[in-house]
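> The structure's right below; bear with me while I get my questions together.
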Amino acid sequence: MIPNDIKITPQLVAEHGLKPDEYQRFLHLIGREPSITELGIVSAMWNEHCSYKSSKIHLKTLPISAPWVIQGPGENAGVIDIGDGLAIVFKMESHNHPSFIEPYQGATTGVGGILRDVFTMGARPIAVLDALRFGSPDHPRTRHLVSGVVAGVGGYGNSFGVPNVGGLTGFHSRYDGNNLVNAMAVGIARADEIFYAKASGVGKAIVYLGSKTGRDGIHGATMASAAFGEGAEEKRPTVQVGDPFAEKLLLEACLEIMAAGHVDAIQDMGAAGLTCSAVEMGAKGDLGVELNLDAVPCREEGMSAYEMMLSESQERMLMVIKPGHEEPAEAIFRKWGLDFAVIGRTTDDLRFVVKHQGEVMADLPIKELGDEAPEYDRPWIETPLQQRIAPESVEPPASNAQALLTLIGSPDLCSKRWVWEQYDTWP
């Protein structure tokens with residue numbers, strides 16, 4: 001149990017990934033010294049993984065609107081109208097740091113997270129894709145990383161029951177220190193039956209759905225926003241543990257509860273877990289949120305408010321239920337063998353209040369947790385264009401046949417059959 005009255009020191013602030021000026025920004029926002037739970041909450045909401053504080057300035061320059069775009073950035077997944085009343089729902093996400101630390105679980109939870117993002121929008125996932133980048137084949141960690149990541153991508157997708165329809169695998173010495181693991185999920189839904197995270201209405205029940213909360217994945221989002229080197233193995237406890245069979249049950253239960261008309265808003269518990277999902281649901285709807293952590297289903301004893309708010313245990317959802325629909329909604333989740341617990345309500349005060357064992361553990365302005373996150377324009381260097389090579393200056397190969405053999409035998413162009421044969425595909 002982590003007490004809530006721990007003295008906040010500069011070292012503790014640094015351990016939470018906040019720079020001194022960012023901590024001062026937080027102090028100015030709330031007008032007092034935070035509790036340890038509040039420090040944990042802001043460290044989750046203001047890290048790179050959740051706030052995009054370094055990439056936001058560049059992402060804003062991308063085109064995001066068109067007649068066929070139903071939903072662009074800002075929700076769990078993008079939605080594109082494909083005609084005939086149907087829409088494609090898709091999400092791509094990287095799980096680089098977790099996969100470097102623990103290749104199998106890092107890759108599985110990357111796949112599990114994007115599948116959850118897709119069916120949170122009301123779509124049934126129909127395909128997974130992956131794009132992987134590893135270091136030089138002769139680097140001592142490459143074989144370990146490749147085998148673990150590929151097994152993780154296949155292990156989750158195959159068990160969940162969704163085919164892997166395409167991808168790529170490449171090698172370069174620039175990735176010796178950290179691989180890239182990008183996964184994409186695609187789903188299909190009715191274009192007029194898309195579900196969103198924006199909560200509406202005061203006094204509505206906030207419901208916890210899915211698997212129980214544990215201590216795995218605590219500070220996972222903060223870890224994913226940090227640089228690391230030799231001590232990476234020590235960060236293993238921050239990597240979540242996935243269960244594709246539990247997520248399959250969660251998928252079916254969520255689609256059934258949506259079809260029954262019980263859902264006002266829904267948000268999966270991904271990065272920063274209960275913290276990010278609750279804040280986003282309330283802030284998007286211009287509402288406050290009050291949580292009672294005594295009602296959160298836990299699989300470990302003695303979990304503190306700090307641990308519950310920052311846990312990134314997998315296969316969990318947060319939902320705002322329409323008034324009077326709690327009983328039939330619960331019956332659906334109990335039928336699928338999943339937890340269903342009313343853990344809070346929406347309020348009209350724009351505050352994010354967290355209670356545990358009769359005490360207020362956190363009381364923060366809900367919109368500012370996202371809106372007031374730092375935003376940086378980091379220094380960058382433009383990559384120079386490669387010089388054009390004149391054909392006559394190129395030394396011809398000994399033979400075209402030998403050149404072809406060299407190319408198709410290189411790590412990037414050689415057969416990737418060993419990879420994709422581990423994935424289920426469409427028949």
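> So which residue, out of ASP192, ASP339, ASP130, gets the largest mean-square fluctuation from a GNM of the chain using Cα contacts under 10 Å as springs?
ASP192
> Between GLU193 and SER410, what is the spin-label point distance in nm, taking each point 7 Å from the Cα along the Cα→C-beta axis?
The two pseudo-label positions are separated by 4.9 nm.
> Taking amide H atoms as placed 1.01 Å from N in the peptide plane, list the residues 5 or more away in sequence, or in a different chain, whose amide H sits under 5 Å from that of ASP176.
Residues meeting the criterion, in which the H sits 1.01 Å from N, are SER136.
> Related question: Roughly speaking, what is the centre-to-centre gap between the range 361-427 and the range 26-53 when only Cα atoms are used, to the nearest Å?
Each part reduced to its Cα centre gives a spacing of 33 Å.
> Same structure again: Given an 8 Å cut-off on Cα distances and at least 6 residues of separation, report the relative contact order of the range 117-178 as a percent.
Normalised by residue count, the contact order of the range 117-178 is 52 percent.
> On full extension of the chain, what length is gained from ALA401 through GLU421, given 0.36 nm per residue of separation minus the C-alpha to C-alpha distance?
Gain on stretching ALA401 to GLU421: 4.4 nm.
> Could you compute Rg(Cα) / (2.2 N^0.38 Å) for the range 292-395, with N its residue count?
So the range 292-395 has a normalised radius of gyration of 1.93.
> Just to confirm my numbers, what's the Cα centroid distance between the range 130-165 and the range 89-112 in Å?
Value for the Cα centre distance between the two parts: 10 Å.
> Does a label point 7 Å from the Cα of THR61, set along Cα-to-beta-carbon, have any residues of the range 367-389 with amide nitrogen under 15 Å, and which are they?
376-384
> Express the Stokes-Einstein translational diffusion coefficient of the range 10-53 in µm² s⁻¹, to the nearest whole number, given a Kirkwood radius over alpha-carbon pairs, 4 °C and a viscosity of 1.567 mPa s.
In µm²/s, the coefficient rounds to 124.
> Based solely on its DSSP helices, what 222 nm [θ] is calculated for the chain when runs of n ≥ 4 H residues each add -39,500 (n - 2.57) and the sum is averaged over all residues, nearest 500 deg cm²/dmol?
After summing the helix terms and dividing by the residues of the chain, the value is -9500 deg cm²/dmol.
> Check the straight Cα-Cα distances from LYS60 and name the aspartates and glutamates below 20 Å, setting aside those fewer than 8 residues away within the same chain.
By straight Cα distance, LYS60 reaches GLU48, GLU75, GLU93, GLU280, GLU368, ASP371, GLU372, GLU375, ASP377, GLU382.
> Let me see the pair-distance distribution of the chain: every alpha carbon pair, 20 Å bin width, integer percents in order.
25, 55, 17, 3
> Under 5 Å between amide hydrogens, which residues at least 5 positions from ALA191 or on another chain qualify, with H placed 1.01 Å from N in the peptide plane?
LEU86, ALA87
> Could I ask something else about it? Please identify the longest segment of the chain free of exposed GluC sites (Glu not before Pro), where exposed means a DSSP state other than H, G, I, E or B and no more than 10 other Cβ atoms within 10 Å.
It works out to 1-300.
> Then there's this: Would you check the range 273-427 for Lys pairs whose C-alpha atoms are within less than 27 Å, ignoring same-chain pairs closer than 8 in sequence, and give me the count?
Here the count comes out as 7.
> Here is a further query. How many percent of the accessible area of the chain is carbon or sulfur, using a 1.4 Å probe?
Taking all protein chains in place, the chain shows 56 percent carbon and sulfur surface.
> Moving to a separate point now. If you fit an axis through the alpha-carbon atoms of helix 142-160 and take the longest principal axis of the Cα set of the chain, what angle between them do you get, 0 to 90°, nearest 10?
Tilt of helix 142-160: around 50 degrees.
> Give me the angle, in degrees from 0 to 90, between the Cα long axis of helix 20-30 and the longest principal axis of the Cα atoms of the chain, rounded to the nearest 10.
Roughly 30 degrees between the two axes.
The values are calculated or read from the model by the stated rules, or taken from the named source; none is laboratory data. Small disclaimer: the values here were computed from a predicted structure and weren't measured. Because the Cβ atoms are built from the backbone with ideal geometry, glycine has one as well, and the counts that use them run over all protein chains shown. Quick note on the areas: whole protein, heavy atoms, side chains included, nothing else; ligands and nucleic acids left out. Shrake-Rupley method; radii C 1.70, N 1.55, O 1.52, S 1.80 Å.
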